[in-house]
Amino acid sequence: VMQMDKDPAGLQGASPTRRISMEEVAQHASTADIWMVLAGRVFNVTPYMEFHPGGKAELMRAAGADGTALFRELHPWVSIDMIDKLQVGILEASAPRTMSLGTGATARSPAASPAAAPTAAGAPEDRRALSVSTWTALPLVDRKQVTLDCVLLRFDLGPSKVSGLLPGQHLVVRMQVKRGSEMVEVQRQYTPVSDANATQYMDLLVKVYPTGKLGPLLAALRPGVDRVEMQGPFGDLAYLCGGRFGLGGAGARREVAVEHVAMIAAGSGVTPMLQLLRSIVDEWRQGSQLQVTLVFCNRREEDIIQRHELELLASEFARRFRLRLLLSQPPAPDAGVEPWPRRKGSEESWAKVRRLEGRISGEVLREALAVEDSSADRQPLAASKSLALVCGTEGFNDAVSQGLSQLGVPAD
């Protein structure tokens with residue numbers, strides 16, 4: 001739309017910065033005429049309706065209203081500037097209208113008041129929904145199927161509450177499972193994929209294995225009816241912002257500052273990486289030069305969680321984010337369709353996206369760690385300025401750890 005039409009917003013010479021009242025925005029709320037407010041800017045998204053991946057119904061949720069919270073929730077890594085040619089004006093200062101996320105909870109745009117945004121670590125005790133010493137039963141308010149075997153669950157933290165977790169930390173979920181004639185307690189660790197500073201809600205991405213003990217039970221929960229007991233935060237790693245990470249448990253934590261983070265994940269092991277990326281993306285938009293390489297390993301193409309969002313992120317931040325998609329069972333070659341490894345992108349070191357086939361190997365790890373610094377002459381970055389994060393099955397973690405050791409990367 002942006003490239004095909006010289007005037008997609010229909011301005012006809014009018015200024016895209018004229019002041020527009022909320023009342024005027026509200027007049028454009030039909031399926032044939034949709035305006036919405038995003039981060040204080042007014043957009044005419046009517047020309048985009050036929051191209052929106054979510055269809056017209058998703059756009060109508062914010063028709064004639066402020067859709068900032070909804071946009072940030074559904075597209076956390078997409079810059080609003082990507083649709084700047086659809087801008088028709090600037091919203092006049094007035095009371096904001098908040099769109100429901102369809103879950104009974106609401107979300108506030110991170111861009112609305114950055115100075116007032118709560119920090120998970122700095123929030124007072126009475127604002128933290130979770131505790132490391134007691135179990136808290138959180139109500140499920142929404143459930144969404146993400147892939148064939150992954151569901152996104154949203155839980156209500158309570159008014160003005162934050163989870164209390166820093167990016168990189170995890171929580172523990174427990175449920176009672178019937179085993180024979182007895183009920184047995186089962187616990188599992190999960191890392192939220194929602195913004196660590198999100199108020200009133202928290203999202204968990206759950207991989208559902210047919211023989212899993214907890215995943216199928218979580219996937220079968222009923223929004224508005226069921227609650228789940230949780231406890232946290234836990235974990236020996238936490239992102240402190242600005243390329244600084246806290247390593248080690250309580251009382252033994254030390255900080256390291258890096259210029260590059262290599263994230264190596266398999267399957268649902270990508271969830272802690274997604275939460276870290278949320279925080280890092282916010283910093284990128286403020287000028288941070290921290291570099292990230294994500295090696296995301298899956299069996300099949302349809303197993304890639306958040307693929308569209310990750311590829312958009314790689315396009316928007318091409319010099320700071322590299323995405324490597326590795327499939328052990330790539331799609332079979334088809335007539336007229338390029339084989340998986342050669343689809344889109346190139347073989348350059350800083351290609352936006354590279355599609356690989358096979359299993360994790362020393363070659364893949366070596367390329368993931370081979371980055372350049374941010375200087376004008378782009379010198380190779382010293383290994384001491386990189387941090388490798390690994391998350392997957394036990395066998396995957398062992399294989400990656402062994403590969404990193406062979407490359408001279410010390411374990412921490």
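A few comments on the model shown:
- Residue satisfying condition, being over 28 Å from A399 (Cβ atoms) and free of Cβ contacts under 8 Å to residues at least 40 places away in the same chain, within set F317, F296: F317
- Residue that is farthest from H52 (Cα to Cα), among those in segment 299-313 that are assigned to a helix (DSSP H, G or I) and either open to solvent by 40 Å² or more (accessible area, probe 1.4 Å) or out of contact with any helix residue (DSSP H, G or I) (no Cβ under 8 Å at 6 or more places or on another chain) (or both): E301
- Test: residue in segment 342-356 that is open to solvent by 50 Å² or more (accessible area, probe 1.4 Å), assigned to a helix (DSSP H, G or I) and either modelled with pLDDT under 90 or aromatic (F, W, Y) (or both): yes
- Taking the criterion of being open to solvent by 30 Å² or more (accessible area, probe 1.4 Å), in contact with a Phe, Trp or Tyr (Cβ under 8 Å, 6 or more places away or on another chain) and closer than 21 Å to V270 by Cβ, the only residue of segment 223-249 that qualifies is L237.
- For segment 198-222, a residue qualifies if it is part of a helix (DSSP H, G or I), touching a residue at least 40 places away in the same chain (Cβ under 8 Å) and open to solvent by 40 Å² or more (accessible area, probe 1.4 Å), and exactly one does: L217.
- Filtered residue count, segment 212-239, keeping only those that are of a type in the set (K, R) and modelled with pLDDT under 90: 1
- Checking A112 against (1) in contact with a helix residue (DSSP H, G or I) (Cβ under 8 Å, 6 or more places away or on another chain); (2) open to solvent by less than 70 Å² (accessible area, probe 1.4 Å); (3) closer than 23 Å to P192 by Cβ; (4) at pLDDT below 55, the condition it does not meet: (2)
Each row is one residue, and each column tells you yes or no for (1) hydrophobic (A, V, I, L, M, F, W, C); (2) at pLDDT below 90.
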| residue | (1), (2) |
| --- | --- |
| G267 | no, no |
| M273 | yes, no |
| R285 | no, yes |
| R299 | no, no |
| Q306 | no, yes |
| E316 | no, yes |
| R320 | no, no |
| L326 | yes, no |
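- Segment 224-243 - residue that is among the small types (G, A, S) and assigned to a strand (DSSP E or B) and, of those, nearest to the chain's Cα centre (by Cα): A238
- The C-beta contact set for segment 144-173 (first residue under 20 Å from L247 (Cβ atoms), second residue among the β-branched types (V, I, T), distance under 6 angstrom, 6+ apart or interchain) comprises H170/T191.
- Per-region count, segment 171-194, residues open to solvent by 40 Å² or more (accessible area, probe 1.4 Å) and part of a loop (DSSP other than H, G, I, E, B): 2
- Residue list for segment 279-298, restricted to those being out of contact with any Phe, Trp or Tyr (no Cβ under 7 Å at 6 or more places or on another chain), part of a helix (DSSP H, G or I) and open to solvent by less than 10 Å² (accessible area, probe 1.4 Å): I280
- Scan of segment 257-268 for residues that are in a helix (DSSP H, G or I) and crowded, with 22+ Cβ neighbours inside 10 Å, ordered by number: S268
The values are calculated or read from the model by the stated rules, or taken from the named source; none is laboratory data. All figures in this text were calculated on a predicted structure; none of them were measured in a lab. Reconstructed Cβ throughout: ideal geometry from the backbone, glycine too, with neighbour counts over all protein chains shown. The area values use the complete protein model at the heavy-atom level, side chains included, leaving out ligands, DNA and RNA. Shrake-Rupley method; radii C 1.70, N 1.55, O 1.52, S 1.80 Å.
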